[in-house]
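The values are calculated or read from the model by the stated rules, or taken from the named source; none is laboratory data. What you see is a predicted model, and the numbers here were worked out from it, not measured in a lab. Every residue, glycine as well, gets a Cβ built from its backbone with ideal geometry; the counts of neighbours run over all protein chains shown. Just the protein is used for accessible areas: all its heavy atoms, side chains included, with ligands, DNA and RNA removed. Shrake-Rupley method; radii C 1.70, N 1.55, O 1.52, S 1.80 Å.
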Amino acid sequence: MKQKVIICGAGRVGTSITEHLSNEGFDITVIDSNSEAIQRITELYDVQGVLGLASHPAVLKNAGIEDAEMLIAVTESDEINIMACHLSNLLFNIPTKIARIRSREYLNEDLLDLFQEGKIPIDHIISPEEEVASAIVKQWRTPGAFDVAEFCDSHVTMLGILCNSNCPILDTPLRELVDLFPGLNATIMAIIRDNNLIIPRSGDDVLKINDRIYLSCQTDQIERTLAAFGHSEITSHNVIISGAGNLGVMIGDMINKISPDTNLTFIELDKDVARNAAEQLEFASIISGDTLDPEIIKEARVGKETSFISATNHDEVNILSSLLAKRSGTKHCIVLLNQPAFFPLVNTLDLEAVISPPVITVSSILKYIRKGQIEAVHSIIEEFGEVISVEALETSSIIGMPLKEIKLPKNVSIGSIVKKDNEIIPARGSSTIDPGDKLVMFVPVKSIKKVQELLSVRLDYF
């Protein structure tokens, strides 16, 4: 019997969650107060749609909440998300409740006790700003990669790397990398070329200029891995942040804690916001002005020795200000984008890294939804799939088999194998998997269910 899930909100995050879970066979009902959003999502996916406010008991009941096992509240309103969880627990005793809460007012230490003690019954709170700030700081610390994520207690790191003209191994068969870089514990899991996905299988595949690759590597070999692909960028200790709102302040605070010697400068158009940031960030310089004004960019001393982080609430401003920063000589731009329509455009503009709050929020929610052995999820921004870490159970049919003999689903690849003693083994044809091993894998959304089945229980176990 299919597990029934109620999703409150048919916006970007709700739609993406719906896509993932519908591909995994969940019974889904989506609630939204916008009739066009409901019509669109029911046309795209095999789901039920209910028009109304998710904070109304009658609407929840109409959505079939009495038979649901999980409620995911990701509307644009924190209050609706909180109330939907509260009512689903109070009136319908739903086992699992997940809510996106963005306002810092609800997330201060005093109010967090209300959630932790069960007075407000939310099992998992997703705080996008904190997740996004953390992702941006990881990008700042790894300037040679356009995407970064950690797995298996940070022993393994996934890197997204652009193969530019400096890449020394263009047109080299991937099987030769083992000889070219002895001891390098890194495996390419996926190649994106001209918006097409390539999964390296035989070792005959080669890299081409402008390929975007996703690989897994041993975390203490990040610098060596980047250098092998032609990236020797150094983390800048001069950081310019466009936008001094809650997110910008959080980014600045994280950077200062990691690297107190880093010079931080903020550019903020709203004078009240700039004044508030100046009160919170005594260690930073605050410029009150328009980040799209070349004179303000000049005043902030944007140049080749700086990293530029565009983190305002407006995608267009983030893109244009980053282009101004590039024109002023900066070598490393991190761009915050909410609208997926802008992703292909940014890839053509020579901007180093894109951070998508909706994609990060979806990844955070999925790790709570996926039961069993899947431990971590990172959705890649091109939406070709996910990088996951997953535990191989003793009952799995692949235990003890060399990787070359395992019939993985199409477009699925294994990057790293982490043993129980945290020894990290690159995925090679002769590598075998033991019970309890953790695998870092690239998996298309439609193949998640097959991967879960492959790694869990073999037929002869019963």
key: Residue satisfying condition, being in a loop (DSSP other than H, G, I, E, B), farther than 30 Å from Asn338 by Cα and open to solvent by less than 20 Å² (accessible area, probe 1.4 Å), within set Gly436, Gly429   = Gly436
message = If I ask for residues that are farther than 29 Å from Glu19 by Cβ, in contact with a Lys or Arg (Cβ under 8 Å, 6 or more places away or on another chain) and open to solvent by 50 Å² or more (accessible area, probe 1.4 Å), which ones from region 302-347 would you list?
response = Lys304, Ser328, Lys331
note = Scanning region 348-379 residue by residue, those open to solvent by 50 Å² or more (accessible area, probe 1.4 Å) and touching a residue at least 40 places away in the same chain (Cβ under 8 Å) turn out to be Tyr368, Gly372, Glu375
task = Could you tell me whether Ile365 is modelled with pLDDT of 85 or more and in a strand (DSSP E or B)?
result = no
ask   = Counting just the residues of region 143-193 that are assigned to a strand (DSSP E or B) and among the hydroxyl-bearing types (Ser, Thr, Tyr), which one comes out most open to solvent (accessible area, probe 1.4 Å)?
value = Thr187
inquiry  = Looking at (1) open to solvent by less than 10 Å² (accessible area, probe 1.4 Å); (2) under 21 Å from the mean Cα position of the chain (by Cα); (3) small (Gly, Ala, Ser), which one does Ala84 not meet, given that it meets all the others?
reply    = (2)
inquiry  = List the residue pairs whose Cβ atoms are under 7 Å apart, where the first residue sits in region 300-315 and is more than 16 Å from Ala135 (Cβ to Cβ), the second is of a type outside the set (Phe, Trp, Tyr) and surrounded by fewer than 14 Cβ atoms within 10 Å (Cβ to Cβ), and the two are 6 or more positions apart or on different chains.
reply    = Gly303/Gly329; Lys304/Gly329; Asp315/Gln339
task = Of all residues in region 53-78, count the ones that are farther than 23 Å from Ser364 by Cβ and of a type outside the set (A, V, I, L, M).
result = 7
task = Find the residue count for region 250-282, including only residues that are open to solvent by 20 Å² or more (accessible area, probe 1.4 Å) and either over 24 Å from Lys331 (Cβ atoms) or in a helix (DSSP H, G or I) (or both).
result = 17
